Amino acid sequence: GAGVSQSPSNKVTEKGKDVELRCDPISGHTALYWYRQRLGQGLEFLIYFQGNSAPDKSGLPSDRFSAERTGESVSTLTIQRTQQEDSAVYLCASSALRGFLSGGDYEQYFGPGTRLTVT
Amino acid sequence: AQSVTQPDIHITVSEGASLELRCNYSYGATPYLFWYVQSPGQGLQLLLKYFSGDTLVQGIKGFEAEFKRSQSSFNLRKPSVHWSDAAEYFCAVGALSGGSYIPTFGRGTSLIVHP
């Protein structure tokens, strides 16, 4: 079946511009995560959605970053007034979060990422 | 809160040699444990996972990992490395907290394979 998709795959933008990154999770997955991965670094947690709600926004680095999810499906990460330090790969993951009695699936399924370059 | 340590930033092995990548975690109970692999320019792919039961888990591509509660470790192993195994490897720890589930990832270990 279809996996997690992200668009665009690459985005080059000028400093100060706004960008929108899109994530289409696996159908039926209740949880959705955004991570940032700077060159040569690990994964930096940004935000987590359970359904359409975001119980944890603690990872968003500044108020220039925002995210929403609609229809318990697609999510958009928006970065306003981009800065050069925003350059990174932005990864999205989804998870079914089924408990043991339902087969136990807490695995995250990752998309290919969006490579953002701010010039 | 949980945390994950991957003490080795880079590991270099010769093709055909055995491999062990280290992962230590901090959490009060038994968490969910994962190893992911990331090839250049790709997303993360799950290699294996541990929830409960047998502490030695088998994954894809010939990888295995052993959960050792006494050492709070979940090291990844492979008996014979192939050149195609060169990639970034991430250990992750997950636990339910207040109804939320947010896995924590280690910084990653870059595997270099010499011919």
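Counting only residues that are modelled with pLDDT of 95 or more and either assigned to a loop (DSSP other than H, G, I, E, B) or at the interface with another protein chain (Cβ under 9 Å from one of its Cβ atoms) (or both), region B:70-86 holds 5 of them. A single entry from A:51, A:40, A:59 fulfils the requirement of being modelled with pLDDT under 95 and under 27 Å from residue A:2 (Cα atoms): A:51. What are the residues in region A:69-85 that are surrounded by 13 or more Cβ atoms within 10 Å (Cβ to Cβ) and either touching a helix residue (DSSP H, G or I) at 6+ places or on another chain (Cβ under 9 Å) or closer than 17 Å to residue A:57 by Cβ (or both), if any? Passing the criteria: A:69, A:75, A:76, A:77, A:78, A:79, A:80. Taken over region A:31-43, the criterion of being at the interface with chain B (Cβ under 9 Å from one of its Cβ atoms) and assigned to a strand (DSSP E or B) is satisfied by A:31, A:33, A:35, A:37.
Could you please give the count of residues in region B:87-102 that are aromatic (Phe, Trp, Tyr), facing chain A (nearest Cβ under 10 Å) and either more than 20 Å from residue B:23 (Cβ to Cβ) or within 17 Å of the chain's Cα centre (by Cα) (or both)? Full working, then the answer.
Narrowing region B:87-102 to residues aromatic (Phe, Trp, Tyr): B:89-90, B:101.
Filter once more, so that each one left must be facing chain A (nearest Cβ under 10 Å): B:90, B:101.
Next cut, either more than 20 Å from residue B:23 (Cβ to Cβ) or within 17 Å of the chain's Cα centre (by Cα) (or both) only: B:90.
Going through region B:87-102 one residue at a time, the tally reaches 1.
The single condition from (1) without any contact (Cβ under 8 Å) to a residue 24 or more places away in the chain; (2) under 12 Å from the mean Cα position of the chain (by Cα); (3) more than 14 Å from chain B (Cβ to nearest Cβ) that residue A:60 fails is (3).
Got a number for residues in region B:87-105 being farther than 17 Å from residue B:43 by Cβ and either modelled with pLDDT of 95 or more or in contact with a Gly (Cβ under 8 Å, 6 or more places away or on another chain) (or both)? Spell out how you get there, then give the answer.
If we filter region B:87-105 for residues that are farther than 17 Å from residue B:43 by Cβ, which is where we start, we get B:93-102, B:104.
Imposing the further condition that a residue be either modelled with pLDDT of 95 or more or in contact with a Gly (Cβ under 8 Å, 6 or more places away or on another chain) (or both) reduces the set to B:101-102, B:104.
Here the count works out to 3.
Between A:16, A:1, A:71, A:28, the distinction of being farther than 28 Å from residue B:6 by Cα, at pLDDT 95 or above, over 15 Å from the mean Cα position of the chain (by Cα) and assigned to a loop (DSSP other than H, G, I, E, B) belongs to A:16 only.
The values are calculated or read from the model by the stated rules, or taken from the named source; none is laboratory data. Predicted model only: the values in this text are computed from it and were never measured. Neighbour counts are summed over all protein chains in view; Cβ atoms, including those assigned to glycine, are modelled from backbone coordinates with ideal geometry.
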